[in-house]
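Since the structure comes first, as structure tokens, the remarks are kept for the end.
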Amino acid sequence: MDILAHTLWANAAARGANAIASKKEKRNFNINPAWTAFFGVAPDFFAFTAPFIIAIYQVIFLGSSFGGFSDHHREIAGFDIASYLYQFSHSLVIFVLVFILVWVISKRPRYELLGWLLHIFIDIPSHMLAFYATPFLFPISDYRFPYGIHWSNQWYMIVNYTLLLVVWGKIFLNKYSKKNLEIK
């Protein structure tokens, strides 16, 4: 899925979790939506930032052209690095280990990290085997979901952003109606 959609879904999920917790009167439960959104895109930033910096450097200082994701351009831009990093940042196994480690260090669960988990779950069905299929069982297994639909598919994008409009419309309506109740 694209970075904007990952950001919006993770942020909305945090807001939804906070709303559910407030209805159950769990005052000490609060997930920071901004940090959850950050961790919702962190797996892609981790995997693709270095290759894009390399590509930009090569275009600016070496006169290379950057024409997309062909095998030739992937080699030039260092996208082999992205493939290597991608398996770590998109692994449920790595996520669980990091989540537990952070929990132990901070002495409480950091629920904002669940944005990362949501990212992986969204990517499993929205990536095809031919292009960055999600290695969610790395390093235990090389299995990747074989029936993914590429997230840039037109109908997938329409459905995804329509659902995001509905979810964020509800978030804004709830926020607006709460403000009106407070004013009266």
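Read-outs throughout are calculated quantities, based only on the coordinates presented, and are distinct from any laboratory measurement. Please read these numbers as outputs of a predicted model, since none were measured by experiment. All Cβ positions, even for glycine, are placed from backbone atoms using ideal geometry, and neighbour counts span all protein chains on display.
Overview of values
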{"quantity": "Nearest 10 degrees, 0 to 90: helix 154-183 Cα axis against the chain principal axis", "calculated": "30 degrees"}
{"quantity": "Hull-based mean projected area of the stretch 3-148, where the convex hull spans the alpha carbons, in square nanometres", "calculated": "10.4 nm²"}
{"quantity": "Relative exposure of Thr49, Thr7, judged by other C-beta atoms within 10 Å (fewest first)", "calculated": "Thr49, Thr7"}
{"quantity": "Mean separation of Cα contacts under 8 Å, 6 or more apart, over the residue count of the stretch 3-148: relative contact order %", "calculated": "25 percent"}
{"quantity": "Cut-off under 5 Å, modelled amide H: who pairs with Ser64 long-range", "calculated": "Val59"}
{"quantity": "Ranked packing of 113-120, 94-101, 162-169, most packed first, by mean Cβ within 10 Å", "calculated": "113-120, 94-101, 162-169"}
{"quantity": "Relative packing of peptides 126-138, 145-157 - highest average C-beta neighbours within 10 Å first", "calculated": "126-138, 145-157"}
